[in-house]
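The values are calculated or read from the model by the stated rules, or taken from the named source; none is laboratory data. Note that the structure is a prediction, hence the values are computed from the model and not measured. We place every Cβ from the backbone using ideal geometry, glycine too, and count neighbours over all the protein chains shown.
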Amino acid sequence: MGLQEDIGSILTTAGCDGWAAARLLGSQGPCLGRGQDEHIAIASMYKLHVLGAFCLAVDAGAIDPRLRLEVTARAGAPGMIGLGMFDDPVSISIRDLARLMIMVSDSAAAHTLLRIIPQSFLDRVLSSARLHNTTIIVPDIAAAHLPDLPQDSSAASETIRLLAQAPNAPTDYCAYRATSTTKELCRMLDWFFTTDELSTPSRAFAAKVLGQQVFTHRIPSGFPAADVSFAGKTGTIGPIRGETSLISIPGEVPIVVSVVTRSARIGANLPAADVAIGRIARLLVDEIRLAM
């Protein structure tokens, strides 16, 4: 079987459909993958874009990363992992809010950052990284100002509409309505490591934080070798499971991979989808390495 058939077989076995893209870090060539240009729901992977805006704002002196804020669970979607589960207010620096946002996918941290970072820096990230098919939603947006939903019958568009109609969507439009493509998710992650827009300290901070994500059950599951390292962000909402990660193998050019799946059912735990993401990432990385 060819690559497309192999990916399709993995998805079928897991009870999913899905989209994927991969390329060498810094490459301007086409991505390898499946449906990499399809517009899809990206769940919490929008936090990559928020991290980029944070870094640009710090470099411009628009925010002081050491400034401490008092954050409560009400800052984000109630009951979500991280500060959303806390009973009491927490005093924390803006810099460590950015860390929590990536490390444990803290939605209260992400919403707080989006409220204090000027919109111009988020716009600059989208422009600089050439993310022309990416939509990031800010908290507190009125429903009337949300972007129109796609009307075609593709699986990707059906999922975007499904999430938009979810009962919890109004509590976290940032996650429920964020959209992009796996190709542009790869571009977003690549940007942190290759752009001239960030200062050296900001690039180092972003790389460190992206490497501190605690979740290892998706893309890393496909690479059991101890010397392979990862830097990226997962996304989970409804039937959507995904991850965008920079995979670094000693002595080789790192590879950026993004895999997003849509399961046939909705559940808090969908281990078959998680494993499929790791297996698809491994297929793509192996294909790129063989061509080097």
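Summary table
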item: Condition met for Ile63 (part of a loop (DSSP other than H, G, I, E, B), without any contact (Cβ under 8 Å) to a residue 60 or more places away in the chain, of a type in the set (A, V, I, L, M, F, W, C) and more than 29 Å from Asp196 (Cα to Cα)); result: no
item: Filtered residue count, region 107-142, keeping only those that are among the aliphatic types (A, V, I, L, M) and touching a Pro at 6+ places or on another chain (Cβ under 7 Å); result: 1
item: First in region 180-206 and at negative phi, second anywhere and among the β-branched types (Val, Ile, Thr) and assigned to a helix (DSSP H, G or I), Cβ under 8 Å, 6 or more apart; result: Met188/Val125; Trp191/Val125; Ser202/Val58
item: Scope region 177-188; condition in contact with a Gly (Cβ under 8 Å, 6 or more places away or on another chain) and either among the small types (Gly, Ala, Ser) or modelled with pLDDT under 95 (or both); matching residues; result: none
item: Region 5-39, subset touching a Leu at 6+ places or on another chain (Cβ under 9 Å) and aliphatic (A, V, I, L, M), residue surrounded by the fewest Cβ atoms within 10 Å (Cβ to Cβ); result: Leu25
item: Qualifying positions in region 248-289 - under 18 Å from Gln36 (Cα atoms), aliphatic (A, V, I, L, M) and in contact with a Phe, Trp or Tyr (Cβ under 9 Å, 6 or more places away or on another chain); result: Val256, Val259, Val260, Ala281, Val285
item: Single unsatisfied condition, Cys186 versus (1) in a helix (DSSP H, G or I); (2) farther than 20 Å from Ala41 by Cβ; result: (2)
item: Among (1) part of a helix (DSSP H, G or I); (2) of a type in the set (A, V, I, L, M); (3) over 19 Å from Ala41 (Cβ atoms); (4) at pLDDT below 95, the one test that Val209 misses; result: (4)
item: Residues of region 132-157 that turn out to be loosely packed, with under 13 Cβ neighbours inside 10 Å and within 17 Å of Thr182 (Cβ to Cβ), as a count; result: 1
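Here is a yes/no grid of residues against (1) of a type outside the set (Gly, Ala, Ser); (2) surrounded by fewer than 19 Cβ atoms within 10 Å (Cβ to Cβ):
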| residue | (1), (2) |
| --- | --- |
| Ala53 | no, no |
| Ala60 | no, yes |
| Arg66 | yes, yes |
| Glu70 | yes, yes |
| Gly76 | no, no |
| Gly82 | no, no |
| Ala108 | no, no |
| Leu114 | yes, no |
| Arg130 | yes, yes |
